[in-house]
Structures are given as structure tokens and as C-alpha cells.
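Take a look at the structure below.
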Amino acid sequence: KDVREMCDFRLPDSSNILHWDVYLTGPPESPYKGGVWKISLKFPDTYPFKPPTITFHTPIYHMNVSKEGKICDQMISDGWSPTLDAAHCVRTLYTMLATPQTATPLRSEIASAYKDKKEKYLSDVADHVKKNASNTKIPDA
């Protein structure tokens with residue numbers, strides 16, 4: 001899938017190309033459908049040798065994202081090489097929404113609900129999407 005179908009990119013400050021805002025759309029086949037999450041990608045001075053730091057600014061109910069919006073570092077840093085780019089990061093996040101990584105949860109209570117109370121988990125995700133991610137505004141380019 002083309003990364004442009006998954007998200008929109010913006011530079012919040014045109015003088016700083018190392019900080020991008022990404023507006024990630026929930027995959028249609030996932031409980032996150034209908035939501036849009038604002039995420040920052042902050043590229044280090046050592047990019048492309050080191051991956052960007054990723055933070056969700058729109059709250060998300062997801063086992064692989066902390067309450068502070070941080071993702072499990074291994075999701076991006078494991079296997080990182082200079083040939084990978086922002087599109088790789090977006091694809092990884094999009095896949096994470098469609099298929100949570102149960103082996104590396106940052107929020108064990110959500111992972112437990114996912115495994116043991118699937119119907120409640122799906123309902124909680126839908127409520128959270130409606131409350132937090134259904135009205136995210138994407139700034140004009």
C-alpha cells in the first residue's frame with residue numbers, strides 16, 4: 001500500500017526539516033478505522049544511521065503505545081539501517097494498528113483485554129477512537 005494512502009505529512013516549522021507531523025489514518029480492517037492520529041517524527045542529527053523518535057500526540061488506546069504517546073522502541077529501532085526511511089516508520093505504525101504486537105506491550109492492561117476480553121477491548125477501542133481521533137484536523141498543506 002502506498003504510504004500516501006495511510007497518512008499526510010506536514011512540517012510544523014518549515015525551517016526545521018528534522019521534525020515532521022504525521023497524520024496517520026486508522027486501517028479500515030482494524031478497530032482503529034475512522035480515526036486519525038497526529039504523530040511527531042523527530043529525526044536525529046545522525047539520521048539515517050539512527051531512527052527518528054516517534055510520539056503520538058492524539059491519545060490512543062493501544063497496547064504498544066504508552067499513555068505518554070511513546071511507542072515500543074524495538075518496533076522501529078530493531079533492524080534499523082540507513083536504507084530505511086519515514087515511509088518505513090509509517091508502514092510500521094499502520095501495521096501496528098492493524099496487528100498489535102502482543103509480545104511487547106507497553107500497557108499490560110490493554111494487552112490482557114485484547115487476549116482475554118476481546119469484545120470489551122474492541123468496544124473500548126471504538127469508544128476511544130470516537131472520543132479522541134474522529135475529529136483530528138489535518139492542517140492545510
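Brief remarks follow.
- In the chain, the calculated helix contribution to ellipticity at 222 nm averages -7500 deg cm²/dmol per residue, counting -39,500 (n - 2.57) for every DSSP H run with n ≥ 4.
- Cα centroid separation - segment 1-30 against segment 93-133, whole Å: 21
- Normalised contact order of the chain, rounded percent, pairs of Cα under 8 Å and 6 or more residues apart: 26
- Built amide H within the under 5 Å cut-off of V65, gap 5+: L106, R107
- Local net charge near E68, Cβ-Cβ under 15 Å (Lys/Arg +1, Asp/Glu -1): +4
- Protein heavy-atom accessible surface, 1.4 Å probe, per residue over the chain: 56 Å².
- For the chain, the share of accessible area belonging to carbon and sulfur comes to 51 percent (1.4 Å probe, ligands and nucleic acids excluded).
The values are calculated or read from the model by the stated rules, or taken from the named source; none is laboratory data. All figures in this text were calculated on a predicted structure; none of them were measured in a lab. Because the Cβ atoms are built from the backbone with ideal geometry, glycine has one as well, and the counts that use them run over all protein chains shown. These area figures cover heavy atoms from the full protein model, side chains too; ligands, DNA and RNA do not enter into them. Shrake-Rupley method; radii C 1.70, N 1.55, O 1.52, S 1.80 Å.
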